[in-house]
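**Student:** Okay, handing you the structure first.
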Amino acid sequence: MLNILLAGDKPRRLFPEPLSHELARRGIAARLADDHLPAETDYIVLAPNSPLQDFTPYSRTKAVLSTWMGAEALVNNPTLTQPLARMVDPAMTRGMTEYVTAHVMRHHMGIDRYVHGLQGEWRQILPPLAPERPVTILGMGELGREAGQTLATLGFPVTGWSRSPREVPGLTRMFHGAEGLLPALEGAQILVILLPLTPATENLLGPEEFARLAPGAVIINPARGPIIDDDALLAALDSGQVDHATLDVFRVEPLPPDHPYWHHPRVTVTPHVAAETRPESAAAVLAKNIARVERGEPLLYQVDRNAGY
Ligand code: NDP
């Protein structure tokens, strides 16, 4: 019988039923609780914002399984020495693809002008078709690849950028590494950020990077707030180099009420809703990973502490 500690509000409230079901389906007997003693805990299912931050006493724990995709809140915790997996939930990936596609299409089609109203003026504006609208996606991981391939299927020429060289079928161009960033940004009309937050990606996008985009470009950031230099983005919006920014993530969340993004006429704020962990599908991922470890197989989606994601 395995003891699985549910740490954090959402794991405790939302995961007992679907996770019990998924473990039972795989023939794994487990006790799920939020108060297992450290010396008796086999696995920890954790939301990184849980009060549990000192993992030192969990010497018997075989793995810590996060319910979040982003690992930046965990990689620098020196007490967390157990094998660590992040969540890669197909339903969450689907949610991100829908968010990115919706916001790309909104800007591509110029839908806002009709939503805000034409004030009685019968003005017909023909938007370009997708093949005339270059899109760049920074980050070619679980989220960037699926979003990029979906946009490519719609006809957009999509450029991808990753840390290591990657082949992504359907994409028009791929760049990698620090030297590939500016070429990847060159002339993009829509920029989508799907990178993890690491020391190498913090403040990655500033004046030099915005200047490489096509004049009047649109930026969509559902990854992590600190990847963008906020002052540089506000300056690029004011100069018109960036026409619009759709931001789901921020340096400080909730975004403080007096932050200029709230009131900027060409910034859309969404409150970190791009892709949420879905307990049913996430429970299947957790149970599959626990089953693998129990069989002596390597953990899936293990965080690379050196790379920081
Ligand atoms: P992955 O780890 O699967 O992919 C990350 C991608 O970024 C990889 O292609 C990686 O390159 C690339 N990358 C990392 N560091 C660098 C660098 N220094 N230079 C160039 N490329 C780099 O992450 P996911 O796709 O699963 O998720 C991305 C992020 O999205 C998460 O870390 C999280 O912060 C955010 N997120 C936001 C959500 C929301 O609701 N707003 C929900 C879920 C996630 P390589 O391929 O070479 O490894």
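**Student:** For the chain, what ratio Rg/Rh do Cα atoms give with a Kirkwood hydrodynamic radius? Don't jump to the answer; show the numbers that get you there.
**Tutor:** On the way: Rg = 21.3 Å, Rh = 20.9 Å.
Using Cα coordinates only, the ratio equals 1.02.
**Student:** Can you compute the helix-only [θ] at 222 nm over the chain? Use -39500 (n - 2.57) per DSSP H run of at least 4 residues, normalise by all residues, nearest 500 deg cm²/dmol.
**Tutor:** -9000 deg cm²/dmol
**Student:** So how compact is the stretch 119-262: Cα radius of gyration and Dmax in angstrom?
**Tutor:** 15.5, 52
**Student:** Okay, next question. Could you sort 222-235, 104-117 so that the peptide with the highest average Cβ count within 10 Å comes first and the rest follow in order?
**Tutor:** Ranked by mean Cβ neighbours within 10 Å, highest first: 222-235, 104-117.
**Student:** Mind telling me which of PRO265, PRO83, PRO38 comes out most flexible in a GNM of the chain, alpha-carbon contacts under 10 Å?
**Tutor:** Result: PRO265 has the largest fluctuation of those listed.
**Student:** In what sequence, highest mean first, do 198-208, 282-292, 242-252 appear when ranked by Cβ atoms within 10 angstrom?
**Tutor:** Values: 198-208: 15.4, 282-292: 21.5, 242-252: 19.7.
Going by the mean number of other Cβ atoms within 10 Å, highest first, we get 282-292, 242-252, 198-208.
**Student:** Same structure, new question: Given the stretch 44-118, report the % of alpha carbon pairs whose separation exceeds 14 Å.
**Tutor:** Here the tail beyond 14 Å accounts for 69 percent of pairs.
**Student:** Take the Cα pairs of the stretch 95-195, get the Kirkwood Rh, then feed it into Stokes-Einstein at 20 °C and 1.002 mPa s and tell me D in µm²/s.
**Tutor:** Once the numbers are plugged in, D ends up at 150 µm²/s.
**Student:** Quick one: grab the alpha carbon gyration tensor of the stretch 1-99, order the square roots of its eigenvalues as a ≥ b ≥ c, and give me rounded if a/c is under 1.5, else prolate or oblate depending on whether a/b is larger than b/c.
**Tutor:** In terms of gyration-tensor shape, oblate.
**Student:** Here's another thing I want to ask about it. In a Gaussian network model over the chain where Cα atoms closer than 10 Å are linked, find which of GLN124, GLN149, GLN241 has the largest mean-square fluctuation.
**Tutor:** Most flexible of the set in this elastic network: GLN124.
**Student:** Express the relative contact order of the chain as a whole percentage, based on alpha carbon pairs under 8 Å and six or more residues apart in sequence.
**Tutor:** The normalised contact order for the chain reaches 18 percent.
**Student:** What net charge is computed for the residues neighbouring TYR114, neighbours being all others with C-beta under 13 Å from the C-beta of TYR114, Lys and Arg scored +1, Asp and Glu -1?
**Tutor:** +1
**Student:** What share of the DSSP beta bridges in the chain is antiparallel, in percent to the nearest 5?
**Tutor:** 5 percent
**Student:** Starting from the amide H of ILE219, placed 1.01 Å from N in the peptide plane, find each other amide H under 5 Å away whose residue is 5 or more places distant or on another chain.
**Tutor:** Close amide H contacts, sequence-distant or interchain: LEU191, HIS244, ALA245, THR246.
**Student:** Indicate the gyration tensor shape class of the stretch 204-309 (rounded, prolate or oblate), computed on the Cα atoms with a ≥ b ≥ c the square roots of the eigenvalues: a/c under 1.5 is rounded; otherwise a/b larger than b/c is prolate and the rest oblate.
**Tutor:** Numbers: a/c = 3.19, a/b = 2.21, b/c = 1.44.
Prolate, because a/c is 1.5 or more and a/b exceeds b/c.
**Student:** Using a 1.4 Å probe, what is the accessible area per residue for the stretch 156-196, in Å²?
**Tutor:** Solvent-accessible surface per residue comes out at 45 Å².
The values are calculated or read from the model by the stated rules, or taken from the named source; none is laboratory data. Note that the structure is predicted; figures quoted are calculated from it, not measured. Glycine also receives a Cβ, built like all others from the backbone with ideal geometry; neighbour counts cover every protein chain displayed. Just the protein is used for accessible areas: all its heavy atoms, side chains included, with ligands, DNA and RNA removed. Shrake-Rupley method; radii C 1.70, N 1.55, O 1.52, S 1.80 Å.
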